[in-house]
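**Student:** For reference, the structure I am asking about is given below.
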Amino acid sequence: MIQQKEQYYILSKKWSLDPNQWSMLMDGTAVLLTLFGFIIAFWLYKVQRDDKATDAHRFFKSSLPGLKSSIHHAIADLREFRESLDLDKVVDPVLSVSLNDKFLEKVNLVALNRYYAKNESANLENFNQLLVDSNFFGDYGDYITNQIKYFRTVYLERADDNSGNILRMKEKIRTVLDKDILRFEDILENIDPLLPDSSK
């Protein structure tokens, strides 16, 4: 007696398959579904990554006008302080706390860098320079406050001493302030290309 192979069919007997063919079809379908799943997962990952980059860029852009304004105020305060060195009463610069809020630490810098590399490659160099500059202006308030405290202490100790030490100290501080003001002006120039169009 000859045993006939079992036949399976899909929708119609014309599409009948034996167990081996059916197994191959199922294996092939599983492979295709797995591949399709990987494609969907990769696409979702890319969409999520792009969304993070866009969100980081949006926050960054919205923070720049405030930073620019703070730097303008810092320059004005430093100039006023420099001019006051020639007067009897030294005016302390009141630097904006926005310089020290380290807003870049609140941003996903990897995502932000990815955004500039992909969407605004012309401004990538300006963005990277701002990262370097942020180390300067982020700690500047504490730095200049300590310098002024030191100057005041020495100045008050030697207020009655009209020797050249005080004059040399004032000149040294003026030189430092001039360099700092120029650095802040360079930072402003670098920030301009990064600003939203409405802020330029």
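The values are calculated or read from the model by the stated rules, or taken from the named source; none is laboratory data. None of the values given here were measured: they were computed from a predicted structure. With ideal geometry, Cβ positions are generated from the backbone for all residues, glycine too; neighbour counts draw on all protein chains shown. All accessible areas refer to the heavy atoms of the entire protein, side chains included, with ligands and DNA or RNA removed. Shrake-Rupley method; radii C 1.70, N 1.55, O 1.52, S 1.80 Å.
**Student:** Are there any pairs with C-beta distances below 7 angstrom linking a residue in the range 131-142 that is of a type in the set (D, E) to a residue that is assigned to a helix (DSSP H, G or I), with the two at least 6 apart or on different chains, and if so which?
**Tutor:** Every condition considered, the pairs that remain are D133/I187; D133/N190.
**Student:** Of all residues in the range 70-85 being open to solvent by 20 Å² or more (accessible area, probe 1.4 Å) and in contact (Cβ under 8 Å) with a residue 24 or more places away in the chain, which is farthest from I148 (Cα to Cα)?
**Tutor:** Checked the range 70-85; the qualifying residue farthest from I148 (Cα to Cα) is H72.
**Student:** So how many residues does the range 121-153 have that are buried (at least 16 other Cβ atoms within 10 Å of the Cβ) and aromatic (F, W, Y)?
**Tutor:** 4
**Student:** Can you find, within the range 170-200, the residue that is farthest from L87 (Cα to Cα) among those that are of a type in the set (V, I, T) and open to solvent by less than 30 Å² (accessible area, probe 1.4 Å)?
**Tutor:** I191
**Student:** Could you list all residues from the range 154-169 that are at pLDDT below 65 and open to solvent by 100 Å² or more (accessible area, probe 1.4 Å)?
**Tutor:** Across the range 154-169, the qualifying residues are L156, D160, N162.
Condition check ((1) touching a Lys or Arg at 6+ places or on another chain (Cβ under 8 Å); (2) modelled with pLDDT of 80 or more) across all residues:
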{"position": "K89", "(1), (2)": "no, no"}
{"position": "A111", "(1), (2)": "yes, yes"}
{"position": "N119", "(1), (2)": "no, yes"}
{"position": "N128", "(1), (2)": "no, yes"}
{"position": "R152", "(1), (2)": "no, no"}
{"position": "E171", "(1), (2)": "no, yes"}
{"position": "I181", "(1), (2)": "yes, yes"}
{"position": "F184", "(1), (2)": "no, yes"}
{"position": "E189", "(1), (2)": "no, yes"}
